[in-house]
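What follows is one structure encoded as structure tokens, with my remarks underneath.
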Amino acid sequence: MNFNLLTLFPDMFPGMLGQSLAGKALERGDWSFSAINIRDFATDNHKTVDDTPYGGGAGMVMRPDIIEAALLSIPQAKQGRKIYLSPRGKVLNQARVKELTTQQNITLLCGRYEGVDQRVLDAHDFEEISIGDYVLSGGEPAAMILMDTCIRLLDGVMGNVDTADNESFGANTCGLLEYPHYTRPSEWIAGNGQTYEVPDVLKSGNHAEIEKWRKEQSLKITEAVRPDLLD
Ligand code: ADE
């Protein structure tokens with residue numbers, strides 16, 4: 001999978017994605033990225049990329065001609081799906097992530113300031129994706145999160161191939177949140193002086209009972225934290 005990043009801050013990449021499992025996968029060539037500095041396509045001496053909004057209002061808007069020039073520097077065959085990270089987009093979820101991993105190339109446009117001129121989005125069929133109902137200072141952290149969610153699903157990136165299907169939002173959890181996990185020691189005295197034990201059922205060796213307990217826990221947690229998921 002290859003990601004093209006259109007950004008004013010190319011040095012932010014690979015950032016956290018250069019570490020841990022994503023970093024190893026990058027070294028192996030399971031995924032690649034190309035960070036393109038939009039400012040390199042500015043045409044004036046000051047390397048201006050933005051201007052005041054038509055109709056007035058606060059902030060600056062990134063110019064369509066400069067973003068387009070940056071986009072067209074990517075060979076057509078490598079542009080793939082074009083996504084603009086924006087709080088106005090459809091919210092990213094695991095189903096959307098899975099679908100994105102079928103793509104070989106994805107171009108991610110990271111906005112700053114008040115946003116980008118609508119016309120470049122229209123002219124080049126950018127889809128808009130949000131990572132949640134809050135506003136970031138720019139699209140780069142959102143791009144990184146989208147990339148992380150895709151990379152970890154690529155073949156061979158996660159150690160245990162079952163893991164992704166069993167976790168929250170995975171294929172085998174019916175859309176429920178994950179049950180709690182425990183490891184050794186089986187009895188643990190915390191810094192607060194209290195003793196915490198691993199639930200007996202998990203040490204029983206009875207796989208049917210363990211499965212049942214985990215499903216109950218998933219349901220309980222989902223009811224308490226995300227009742228909307230039960231709908
Ligand atoms: N840019 C600013 N806020 C964002 C969000 N919530 N999701 C995606 N891109 C953004």
**Asked** Given H placed 1.01 Å from N in the peptide plane, which residues other than close sequence neighbours of S168 have an amide H under 5 Å from its amide H?
**Response** E178
**Reachable lysines from K98, criterion Cα separation under 19 angstrom, eight or more residues apart if same chain** = K82, K90
**Asked** Within segment 138-230, which chymotrypsin sites (Phe, Trp or Tyr not before Pro) sit in a loop by DSSP and count at most 14 neighbouring Cβ atoms inside 10 Å?
**Response** Y182
**Prompt:** When N is the residue count of the chain, what does its C-alpha Rg come to as a fraction of 2.2 N^0.38 Å?
**Reply:** 1.27
**Item:** Qualifying GluC sites (Glu not before Pro) for segment 105-195 [loop in DSSP, other Cβ within 10 Å: at most 13]
**Value:** none
**Message:** Restricting everything to alpha-carbon atoms, can you work out Rg to Rh for segment 39-92 with a Kirkwood hydrodynamic radius?
**Reply:** 1.03
**Asked** Under a plain spin-label model, where a point goes 7 Å from the Cα along Cα-to-Cβ, how far apart in nm are Q79 and N192?
**Response** 5.6 nm
**Prompt:** How big is the charge dipole of segment 2-151 about its Cα centre, in debye rounded to the nearest 20, if each Lys and Arg gets +1 on its Cβ and each Asp and Glu gets -1 on its Cβ?
**Reply:** 380 debye
**Request:** Considering Cα pairs under 8 angstrom that are at least six residues apart, work out the relative contact order of segment 2-151 and quote it in whole percent.
**Result:** 29 percent
**Message:** Placing +1 on the Cβ of each Lys and Arg and -1 on the Cβ of each Asp and Glu in the chain, which of A95, L136, G80 has its Cα farthest towards the positive end of the resulting dipole?
**Reply:** G80
**Message:** Along the Cα→Cβ direction, 7 angstrom out, place labels at V135 and D11. What is the inter-label distance in nm?
**Reply:** 2.7 nm
**Prompt:** Using a Förster distance of 45 Å, how high is the FRET efficiency between K203 and S32, based on the Cβ-Cβ distance and rounded to 0.05?
**Reply:** 0.50
**Complete:** Computed curve, segment 168-230, Cα-only Debye sum without solvent term, log₁₀ I(q)/I(0) at 0.18 Å⁻¹, is -0.76
**Prompt:** So what is the 222 nm mean residue ellipticity for the chain from helices alone, if each DSSP H run of at least 4 adds -39500 (n - 2.57) and you divide by all residues, rounding to the nearest 500 deg cm²/dmol?
**Reply:** -8500 deg cm²/dmol
**Prompt:** Are there trypsin sites (Lys or Arg not before Pro) in segment 1-82 that DSSP puts in a loop and that have at most 14 other Cβ atoms within 10 Å, and which ones?
**Reply:** K47
**Asked** Can you list the lysines whose alpha carbon is less than 25 Å from that of K203, not counting same-chain residues fewer than 8 positions off?
**Response** K212, K215, K220
**Request:** Please get the size of the charge dipole for segment 79-231, origin at its Cα centre, with Cβ charges of +1 on Lys and Arg and -1 on Asp and Glu, quoted in debye to the nearest 20.
**Result:** 160 debye
**Item:** Label-reachable residues, segment 176-206, where backbone N falls under 11 Å from a point 7 Å from L229's Cα toward its Cβ
**Value:** 176-180
**Request:** Provide the percentage of antiparallel DSSP beta bridges, counting only those with both residues in the chain; round to the nearest 5.
**Result:** 20 percent
**Asked** If you stretched the chain out fully between Q19 and I210, how much longer would it get, using 0.36 nm times the residue separation minus the C-alpha to C-alpha distance?
**Response** 65.3 nm
**Complete:** In cubic angstrom per residue, the convex hull of segment 77-194 built on its Cα atoms measures 163 Å³
**Fill in**
So C174 and K220, fully extended at 0.36 nm per residue minus their Cα-Cα distance, gain in nm 15.2 nm
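Bear in mind these aren't lab numbers, they're just calculated from the coordinates by the rules spelled out. Predicted, not measured: the structure shown is a model, and the values here were computed from it. Reconstructed Cβ throughout: ideal geometry from the backbone, glycine too, with neighbour counts over all protein chains shown.
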